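Taking it in order: structure first as C-alpha cells, then the write-up.
The values are calculated or read from the model by the stated rules, or taken from the named source; none is laboratory data. Keep in mind it's a predicted model, so treat the numbers as computed, not measured. Methodologically, a virtual Cβ is constructed for each residue, glycine included, from the backbone with ideal geometry; neighbour enumeration extends over all protein chains shown. Each accessible area value is taken on the protein alone, full model and side chains, heavy atoms only, with ligands, DNA and RNA left out. Shrake-Rupley method; radii C 1.70, N 1.55, O 1.52, S 1.80 Å.
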Amino acid sequence: MKLDLENDFIYDAVSAPLRNELFDRKGRELNELHSAYILLVGPDNGFRNYIEESIKLVDREKNLHITLGVSDLNGFGTVTKCNCRDCMTYRPKMINVAEISELWNIRYSHVIITGFAGSDYGSFSESGGVNTCELSEQFRKLLDRVAKISPSKVIFMSDHRVYRETDQNIILAEHEQLDRTKKSFTSILEGMVVRKISREAGIPLAVLRLAPPFGPETGFDSIFMRIAEQVADGEKSEYHFSAKETNFVYISDILVSIFFALIVRGVHGVFNVSSERSKTWNIEEIIAMMRKKYPEKCRLRIDFSEGHAAENGIDVGQYMASLSSKKLAVAGFSLKTELTDAMELMTGYLLHKKSKTDPLGKNFMFKEGYDGKLETVHKILLNQILMVDKICRKHDIKYFLAGGTLLGAIRHHGFIPWDDDVDIMMLREDYDRFLTVLHKELPENNFPQTPDTDSLNHQPFLKIRMDDTKFATKFTAKFPKMHNGIFIDILAHDRTASSSLGRKLHIMDTRMIRSLVFNKWGNSDIKFSGNKTVDGLANIGKKILPMDFLEKNMFKTLERYKGRNTGYLYDGMGRNLSRGAFPEEYLRETLYVDFEGELLPVPKEYDKYLTWLYGDYMKEIPASERHISHSIVWMDLGKYMEEEK
C-alpha cells in the first residue's frame with residue numbers, strides 16, 4: 001500500500017522525526033545517518049510504509065544521501081540509491097529490484113525488521129487461523145539473510161504480546177512477566193531474533209516493544225484503533241467493564257523511537273515504547289474521554305454486569321497492557337503525544353476521510369479551549385475588524401490585516417481555524433492618525449488600551465478591548481484590575497535604518513528596551529543576550545530605573561527614524577523582531593481579499609511580506625500542533641455570547 005502524504009494526519013506522523021528536539025543534541029543529530037545504508041524488512045503494510053516514507057523524507061530534507069532497501073518477508077523489494085551529481089562517482093541510480101540477490105548483495109549499515117508488530121495474526125495455536133509454522137520458517141530464512149550481511153545494528157519491532165495476559169494492574173518493565181511458555185507468536189519471533197542476531201551472529205540488536213499502538217492507515221489492531229473507528233462511524237457498541245488499565249503509543253512517537261535507535265549507538269537490548277509518564281487508562285476512562293470529545297458521535301457504553309462478559313459486551317482484557325518506558329527514558333528518549341491528542345488525531349483522520357469538503361484534514365484543529373465558544377469568538381472578532389475598517393475608511397487611514405490574520409486571509413479566506421486573535425498593522429503615520437480620531441469614533445463598550453489609558457498595561461501597541469468581557473491570558477490574568485476584555489491588536493510598523501549595521505543596532509536596542517519594560521512589568525529575570533554579565537547588568541537596570549522612564553525610552557527607540565525615508569520597516573512593537581527589517585515597498589499598496597465573506601485590505605505584496613514573516617507560508621503547521629495559540633485562562637463573553645447565537 002502507498003501512504004497519501006498530502007493527507008495532513010499522515011504527513012504529521014511521517015515528518016515527526018524532523019520536528020523532534022531529541023535530535024538537536026550533539027551526537028544525536030539526524031545527520032548521523034549521512035551516507036547510511038538502511039534495509040527495511042517486513043510485510044507490505046501501513047506500518048512498514050510509514051517507516052519507509054519517514055526515512056525518505058528525512059533523507060530529502062537533510063540531504064543525507066541514504067541508500068534504502070525495502071524488502072518483504074520473502075526477500076523481494078526495491079532499493080533507492082542516491083543519484084545526485086555529487087554521489088554519482090560512488091553510487092548508482094535508483095533501481096527496482098527484480099532478483100533477491102540484487103537487494104541482499106549490499107552491505108547495509110542498519111536493518112529494521114517490522115515483523116508483525118501491532119498486527120492481528122492470531123495466536124500460536126491450531127485454531128488461530130494463521131499458519132504460524134510457515135511464518136516461522138519464512139522468518140528464519142529472513143534472519144539468516146540479515147545475519148549474512150552483518151550490519152552494524154539491527155532494530156526489531158515487537159509489541160506488548162510478549163507479556164503474559166493478566167488482570168493485575170501493574171506496569172511491566174522489560175524482563176517482568178514474559179510469556180516464557182512461548183504460546184504467543186510475538187514471543188516466538190522475538191526469541192528467534194535475539195538468538196540468531198544477537199547471540200549467534202553477535203550483531204548489536206535493539207528490540208522495541210510497543211505498547212498498544214495506533215495511527216491512521218498503520219494496519220495496527222488495538223483497542224484505541226477500534227474505539228476511534230466506532231466513534232467515527234457513530235457505531236453503537238457495548239464494552240464489558242474491566243478495571244484493567246493500559247497505556248499506548250502513537251505512530252509519530254514510534255517513528256521517533258526508531259530513529260533514536262538508529263542514531264544512538266548505545267541503544268542495545270530490549271526497550272518498551274509506551275506513553276509518557278506511565279499514564280494508564282481503563283476502558284471506562286477511555287470511553288468517557290471520547291464522549292467528552294465527540295458527544296454527538298460517541299455511542300459507546302460500558303456494561304457493568306458481572307460474570308458474563310461474552311453476552312454483555314466486548315471483553316477488552318486481551319487488548320490492555322501497561323508497559324514501563326523508564327529504561328528508554330534513562331537512555332534519553334521521551335514520547336510527546338498524549339492520549340487525548342492521539343485519539344483526536346486518529347478520530348479526526350477518520351472523520352475527515354469521509355468529508356467531501358476537507359478529506360485531507362487541512363482545516364483540522366483540536367477540540368479544546370474556549371469551552372466550545374471559539375466560533376463565537378471569531379464572530380465577535382470579525383465585528384471588531386469591521387469596526388476598525390469603518391473608522392479607517394471614514395478618515396482615509398491605510399491599514400492591513402497582519403500576522404496570523406493576514407495568513408488566514410490568504411490561506412483560508414478567513415480565520416485560521418485554530419487561531420484566536422486578530423492583528424492589524426499600520427504605518428507609523430497612519431497609526432498616529434488612528435489614535436487621534438479614536439476617542440470620538442470608537443463605539444461605546446470599547447476601550448482603547450495603551451500605557452496612557454491603562455496604567456497597569458505596558459504593551460507598546462494599541463489593544464481595543466471590549467467592556468464587560470474577560471479574555472485574559474496566563475500573563476495578563478496576573479493583573480486582575482487591568483482591563484482584560486476580549487481584544488484585537490493594532491500595531492505600527494516603524495521605519496528603521498537604511499544601512500545593514502544601522503538596522504542591526506536599532507533592532508538590538510529595541511529588543512533590549514522592550515525586554516527591560518516587559519520583565520519589569522512581569523517581575524521576571526531578563527535573559528536577553530545569553531551573556532551572564534550583560535543580562536546581570538540589565539536586571540540591575542530593570543530594578544533601579546522607573547517604568548515611566550523605561551516606557552519613554554521604548555517609544556523613543558521605536559520612533560528613532562520617524563519621518564526619515566530610509567526604505568526599510570521593522571516590527572518593533574510585535575513579536576517579529578528576530579525576523580529583522582523588510583523593504584518599505586512591501587506595505588506601499590493595498591489589495592482587498594475575501595475574509596469570512598468580507599473584503600478586507602492586505603498588502604499587494606503579501607507574498608513577499610508573508611515569505612519574510614513565515615517562509616513557506618502556504619505550508620500548514622503539523623496537525624499535532626494545531627492547538628489554540630493563546631493560553632486563555634479567564635474568559636467571559638457576557639452579553640456578546642447571547643448576541644452571537
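Among SER237, THR181, SER222, pick out the residue whose Cα is farthest towards the positive end of the charge dipole of the stretch 158-261, where Lys and Arg carry +1 and Asp and Glu carry -1 on C-beta, about the Cα centre.
THR181
The chain: D in µm²/s via Stokes-Einstein (Kirkwood Rh, Cα pairs, 4 °C, 1.567 mPa s)?
Rounded to a whole number, D works out at 46 µm²/s.
Once fully extended, how much extra length lies between ASP468 and LYS527, figured as 0.36 nm per residue of separation less the alpha-carbon to alpha-carbon distance?
Gain in length upon complete extension: 17.6 nm.
Straight-line reach from LYS183: which aspartates and glutamates have Cα under 17 Å away, leaving out those fewer than 8 places along the same chain?
Cross-link targets: ASP120, GLU126, GLU134, GLU137, ASP159, GLU165.
Percent of accessible area on the stretch 163-299 owned by carbon and sulfur, 1.4 Å probe?
The value for the stretch 163-299 is 46 percent carbon and sulfur by accessible area.
Whole number in Å², please: accessible area per residue of the chain, 1.4 Å probe, ligands, DNA and RNA not counted.
45
Quick check: Cα centre of the stretch 588-613 to Cα centre of the stretch 241-259, how many Å?
With the stretch 588-613 and the stretch 241-259 each reduced to a Cα centre, they are spaced 44 Å.
Counting DSSP beta bridges in the stretch 412-565, what percent are antiparallel, to the nearest 5?
60
Using a 1.4 Å probe over the heavy atoms of the protein chains, calculate the carbon and sulfur portion of the accessible area of the stretch 550-638 as a whole percent.
Whole-percent figure for carbon plus sulfur exposure: 45.
Quick one: putting +1 on the C-beta of Lys and Arg, -1 on the C-beta of Asp and Glu, what dipole do you get for the chain around its Cα centre, in Debye to the nearest 20?
For this selection, approximately 2420 debye.
Could you go through the stretch 471-487 in sequence order and give the Karplus-derived ³J(HN,Hα) for each residue, using 6.51 cos²θ - 1.76 cosθ + 1.60 with θ = phi - 60°, rounded to whole Hz, and x for Gly and Pro?
Each residue's phi maps through the Karplus curve to give 8, 9, 7, 4, 6, 6, 5, 5, 10, x, 7, 6, 5, 10, x, 4, 9 Hz.
State the volume of the convex hull built on the alpha-carbon positions of the stretch 421-514, expressed per residue in Å³ and rounded to an integer.
Taking the convex hull of the Cα positions in the stretch 421-514, it is 117 Å³ per residue.
Please report the antiparallel percentage of the DSSP beta bridges confined to the chain, to the nearest 5. Walk me through the intermediate numbers first.
Values: 34 of 72 bridges.
Counting DSSP beta bridges with both partners in the chain, the antiparallel share is about 45 percent.
Do the alpha carbons of any pairs in LYS481/LYS543; LYS398/LYS463; LYS141/LYS327; LYS379/LYS470; LYS474/LYS619 sit beyond 21 Å of each other, and which pairs?
Exceeds cut-off: LYS481/LYS543; LYS141/LYS327; LYS474/LYS619.
Which order do LEU262, LEU537 take by accessible area at a 1.4 Å probe, largest first?
If we order LEU262, LEU537 from most to least accessible, we get LEU537, LEU262.
Counting only the heavy atoms of the protein chains, how much of ASP159 is accessible to a 1.4 Å probe, in Å² to the nearest 10?
ASP159 has an accessible surface of roughly 0 Å² with all protein chains in place.
Computing the accessible area with a 1.4 Å probe over protein heavy atoms, can you report the carbon and sulfur percentage for the stretch 17-75?
Working: 800 of 2170 Å².
Summing carbon and sulfur atoms, their accessible area is 37 percent of the total for the stretch 17-75.
Mind listing the long-range amide H neighbours of LEU210? Cut-off is under 5 Å, sequence gap 5 or more, other chains count too, H placed in the peptide plane at 1.01 Å from N.
Amide H neighbours of LEU210, under 5 Å, 5+ apart: SER158, ASP159, HIS160, VAL273.
Can you give the % of DSSP beta bridges in the stretch 193-341 that are antiparallel, to the nearest 5?
If we restrict to bridges inside the stretch 193-341, about 15 percent are antiparallel.
Counting only protein chains, not ligands or nucleic acids, how are HIS458, HIS439 ordered by accessible area (probe 1.4 Å), most first?
HIS439, HIS458
For MET387 and GLU375, compute 0.36 nm times the residue count separating them, minus their Cα-Cα distance, and round to one decimal in nm.
Residue separation times 0.36 nm, minus the Cα-Cα distance, leaves 2.4 nm.
If I take the Cα coordinates of the stretch 161-253 and project them onto the principal axes, what are the three extents in Å, biggest first?
51, 30, 21
I need to check one value: relative contact order of the chain, counting alpha carbon pairs closer than 8 Å and at least 6 residues apart, in percent. Write down the numbers at each step before the final one.
Working: 1137 pairs, mean separation 72.2, N = 645.
Relative contact order of the chain: 11 percent.
Cα gyration tensor of the stretch 593-632, axes a ≥ b ≥ c as square roots of the eigenvalues: rounded (a/c below 1.5), prolate (a/b > b/c) or oblate?
Details: a/c = 2.26, a/b = 1.34, b/c = 1.68.
Since a/c reaches 1.5 but b/c is at least a/b, the shape of the stretch 593-632 is classed as oblate.
Counting only protein chains, not ligands or nucleic acids, how are ASP303, ASP371 ordered by accessible area (probe 1.4 Å), most first?
ASP371, ASP303
Do any of LYS336/LYS362; LYS279/LYS527; LYS2/LYS293; LYS353/LYS373; LYS527/LYS604 go past 28 Å between their Cα atoms, and which? Walk me through the intermediate numbers first.
Working: LYS336/LYS362 22 Å; LYS279/LYS527 34 Å; LYS2/LYS293 30 Å; LYS353/LYS373 25 Å; LYS527/LYS604 38 Å.
Violating the 28 Å Cα-Cα cut-off are LYS279/LYS527; LYS2/LYS293; LYS527/LYS604.
Over the heavy atoms of MET512, what accessible area does a 1.4 Å probe trace out, to the nearest 10 Å²?
Answer for MET512: close to 50 Å² accessible.
How much accessible area does TYR349 have with a 1.4 Å probe, in Å² rounded to the nearest 10?
Ignoring ligands and nucleic acids, TYR349 comes out at about 10 Å².
Restricting to DSSP H runs of at least four residues, report the calculated mean residue ellipticity at 222 nm for the chain, -39500 (n - 2.57) per run over all residues, nearest 500 deg cm²/dmol. Don't skip to the answer; put the middle values down first.
On the way: 20 runs with 227 residues, N = 645.
About -11000 deg cm²/dmol.
Could you name the lysines whose alpha carbon sits less than 19 Å from that of LYS148, not counting residues in the same chain fewer than 8 places away?
LYS196
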